[in-house]
1. Might you check whether a residue that is of a type outside the set (D, E, K, R) and closer than 25 Å to Ser365 by Cα occurs anywhere in region 68-88?
2. Can you find a residue in region 67-78 that is surrounded by fewer than 16 Cβ atoms within 10 Å (Cβ to Cβ) and touching an Asp or Glu at 6+ places or on another chain (Cβ under 9 Å)?
3. When residues of region 238-263 are filtered for being at pLDDT 85 or above and in contact with a Pro (Cβ under 8 Å, 6 or more places away or on another chain), how many remain?
4. Which ones in region 83-141 are of a type in the set (Asp, Glu) and modelled with pLDDT under 85?
5. Look through Ala200, Ala235 and report the one residue that is modelled with pLDDT of 85 or more, assigned by TED's automatic domain parsing to the domain that holds Pro375 and in contact with a Phe, Trp or Tyr (Cβ under 8 Å, 6 or more places away or on another chain).
6. Please verify whether Arg103 is basic (Lys, Arg) and touching a residue at least 60 places away in the same chain (Cβ under 8 Å), treating the condition exactly as stated.
7. On the given criteria, is Gly127 in the same structural domain as Leu302 (by TED's automatic domain parsing) and within 25 Å of the chain's Cα centre (by Cα)?
8. Is it fair to say Gly49 is out of contact with any Phe, Trp or Tyr (no Cβ under 7 Å at 6 or more places or on another chain), closer than 17 Å to Ala361 by Cβ, part of a loop (DSSP other than H, G, I, E, B) and not aromatic (Phe, Trp, Tyr)?
Amino acid sequence: MSELSPDDSGETDRAAAASAHSRGRSSAAQRTILYEFVLEMGRALSLAGTAVSETQDRLLQIAAANGVRDAQVVVLPTTLMVALGHARRATVEVIPQRTGALRLDQISALYEIVKRAEAGTVTPEDGLEQLRAVDAMRPRFGPVITIFGHTLMTVALCLLLKPTLPDVAAAAVFGVLVGVLALVSRGRHTLTVLIPIVAALVVSALTFLAIQHGVADLGLPVLIAPLVTFLPGAALTTATVELASGEMVAGSSRLVFGGLQLLLLAFGIVAGAEIAGPVGADALHSPDRHMLGSWAPWLGVLVFGLAAAVYFSAPRGATRWLLLVLFVAWGGQLAGDHLIGSSASGFCGALAMTPVALAVARLPSGPPSQVTFLPAFWMLVPGALGLISTTELLGNVSTLSPTALIQPVVSIVAIALGVLCGVSLYRAGATGATRIPEWQRAIVETSKRRPPPGG
């Protein structure tokens, strides 16, 4: 047997050390890429409007799927902290919300990546490339069709708010105007704050000028419908859900953000009314106005679903599921209006739509629940009720009453509770469905052990 010389032994040790160093560098590089992937995924989920508890759970599952089972994740609406191990450094990622929320097609593509990442079927390198591709996705429709979609969405929401025919016509005109302003502000951070105020001011001033000069007898739906894309209904509802789940920092900050959005819109409306000149307090609530028939809201739901799919660029094949969830939400809201009252009718609408949206997301062709949830939030209009109340409060402080303050809060809390109860109902049903085979086997085994009659 040959023996290694001291020189050969030294070379072997150096080679082993170099190999170990190379493996260490490779492991460190992989961990760095995993850091980037988890941080980028958290940023994308936050921009998709996902609640912080869900974002945290998903990021922990992704880290575990990549071999890191002791990761620590802290999620806030604008900040993300990740440590891939108890003794490792934490990385902080700032999430600027003014970069703009994700469109529905981007949300759908994002959740496809989330599914594969949680299952461990996509590497962090590939996942990062796919997330960048989602961020760079262009809208499915061009500017003209997008503005047309916003116009139809405005008309549809107007139909939901018991309008007159002049209201619908005026809403269409304002829908075009606000759609152009919203399109101009996309990707321009400085305009994102100003455009909602400018849009509210212009719509309010033109509405009150039309009333003042007798051009048209317009109502409150004309003020609310064109501003639907600026209403923070989903943010306020998510905030309430987070507060109910114990996420006090995230929930309270999101609640303040949503409340400020409402105040800015209300300020724009009041400023527009001041520019137009004095108008009677009941100018928007005339009892002699001829409302459209009971068919109008149902047509509004249909048009709203189709228009939202265009304006927010819904993924292909998602429109039918979006319409299903919207009609279920509207039917539940009508039932709640008859059973409970208008203030809490949103609870029944959210309770009805939530299990349907979650069940649709489990289907092979179904979009993620976020894609169908968000338009349903806008249609239930928790933000619109708050905007109406805030506008009335600022416009006529002398009539301030507890009811004016409580009504928007009740409507938002009702929808949030409906979502919470709907999620619990769906999970209970899903758990029961998975246990049916176990119950069947238990019944069969019990029947086998039972002695035959007369035995």
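1. Looking through region 68-88, none of the residues is of a type outside the set (D, E, K, R) and closer than 25 Å to Ser365 by Cα.
2. no
3. So the answer is 4.
4. Result: Glu93, single match.
5. The match here is Ala200.
6. Yes, satisfied.
7. Working: in the same structural domain as Leu302 (by TED's automatic domain parsing): no; within 25 Å of the chain's Cα centre (by Cα): yes.
So Gly127 does not fit the description; no.
8. Yes.
The values are calculated or read from the model by the stated rules, or taken from the named source; none is laboratory data. Keep in mind that what you see is a predicted model, and the values were worked out from it rather than measured. Here Cβ is always computed from backbone atoms with ideal geometry, including for glycine, and neighbour counts include all displayed protein chains.
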